[in-house]
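What follows is a single structure, written as structure tokens, with notes after it.
None of the figures in this text is laboratory data; all of them are computed from the coordinates on show. Source: prediction; values computed, not measured. We place every Cβ from the backbone using ideal geometry, glycine too, and count neighbours over all the protein chains shown.
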Amino acid sequence: MTESNTSSSDGSRFEILVGLHVHDNTEYDLYRAGMTPMLHAMGGFFRQDLHVSEQLKGEEEGKINRIFVISFPDKATNDRFFADEAYKQVRAEHFDAAVESSVILAAYST
């Protein structure tokens, strides 16, 4: 794995399983290109990243066509990342235009 594996002092990580309905792949790619260096700088990375061709069942609103696990050294780093003004700017510029719906399917420490 080329991503950073920085963990908390006890070796655990905080991870979020996210489902999205991406309707503009070009804008979503711009979002990822803008946010990924920030994610790596904070010791985060995408553990899994999948395109989904068919959703068989789901309680959430909207159709999921992308699922990923995003990993952080700890919950505090996760919170700092999503509160960061530079991240918020990239999200406002590209994510909101690219994603019809999003849902956090799970959040957990490893």
Unmet criterion (only one of (1) under 16 Å from Met42 (Cα atoms); (2) in contact with a Ser or Thr (Cβ under 6 Å, 6 or more places away or on another chain)) for Arg80: (2)
Number of positions in segment 51-98 that are within 12 Å of the chain's Cα centre (by Cα) and either outside any helix (DSSP H, G or I) or over 24 Å from Gly34 (Cβ atoms) (or both): 7
Test set (1) touching a residue at least 60 places away in the same chain (Cβ under 8 Å); (2) under 23 Å from Asp10 (Cβ atoms); (3) of a type outside the set (Val, Ile, Thr) - Asp79 fails condition number: (1)
Every residue from segment 21-35 that is within 13 Å of Ile70 (Cα to Cα) and touching a residue at least 40 places away in the same chain (Cβ under 8 Å): Met35
